[in-house]
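Here is the structure we will look at, set down as structure tokens.
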Amino acid sequence: MKGKLTLVITNIIMLALGAVLIVFFDDDRMAELIAVALGVLFLAPSIYSLIMLLFTNVPVEDAMHNPRYNLIPTIGGLSFGLLIVVKASLFVALLKYIFAILLLAGGLYYVFYLLFTRGRVAMPKWYFFLPSLVAIAGVVALVLPIESNPTLFLMTGVSLIALSVTSVVISYSEYVAYRAELKAAKANAEVVSVEVAEVGDNASEQ
């Protein structure tokens, strides 16, 4: 159940981000807003970890579980997040590499997932179309000029929606296959029970 909830939340986030990038792809402020959002992603867990460090009472001799050993990475994440938020314009040039890696990793993940899943679930070849295009888009993003942010945002938005659609299609196919297996197992159990009953009846008659 937890895995299904995580999948649903992930797909909703990808759809939302994709839609935002498509709608505002040519907005001059989009690049800096995305950089600020990345900074917040670093800040949020770092602030949480810092609060835990301040208010968690763990014996000093308990070295394995002492949260104070996380102080250095926590301060590092907090500093880096603040730097991105305050100087977002300096990190705009890195967005194309971040998006390129995101698209390439996402596309290849679903391609390999489909390859490994085909052994137990029938996956049509056209299922590979969208994730393959997303992986190609990641490569294209790497060679785009830094000033081509509108093209990058539009391509990333479409790719995120494509990945979400791919995830839903794969999940549906797996669900159908699972239901078919349950139905077949139930039918086999009924056949076995009928055969056992017939054998019992024959034995009684003899």
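What to note about this one:
- Of all residues in segment 25-57 being surrounded by fewer than 15 Cβ atoms within 10 Å (Cβ to Cβ) and among the aromatic types (Phe, Trp, Tyr), the one that is nearest to residue 85 (Cα to Cα): 48
- Segment 156-171: number of residues that are open to solvent by 20 Å² or more (accessible area, probe 1.4 Å), without any contact (Cβ under 8 Å) to a residue 60 or more places away in the chain and either under 13 Å from the mean Cα position of the chain (by Cα) or under 11 Å from residue 96 (Cα atoms) (or both): 1
- Selection within segment 120-138 - of a type outside the set (D, E, K, R) and open to solvent by 80 Å² or more (accessible area, probe 1.4 Å): 122, 126, 129, 133, 136
- Qualifying residue in segment 55-72 (condition: at pLDDT 65 or above, touching a Ser or Thr at 6+ places or on another chain (Cβ under 8 Å) and part of a helix (DSSP H, G or I)): no
- Matching entry among 178, 127 (being more than 16 Å from residue 111 (Cα to Cα) and aromatic (Phe, Trp, Tyr)): 178
- Count - residues of segment 116-151 that are more than 20 Å from the chain's Cα centre (by Cα) and assigned to a helix (DSSP H, G or I): 8
The values are calculated or read from the model by the stated rules, or taken from the named source; none is laboratory data. Bear in mind the structure is a predicted one, so any value in this text is a computation, not a measurement. No Cβ is skipped: glycine too gets one built from the backbone with ideal geometry, and neighbour counts run over all protein chains shown. Protein only, heavy atoms only, side chains kept; ligands, DNA and RNA dropped before computing areas. Shrake-Rupley method; radii C 1.70, N 1.55, O 1.52, S 1.80 Å.
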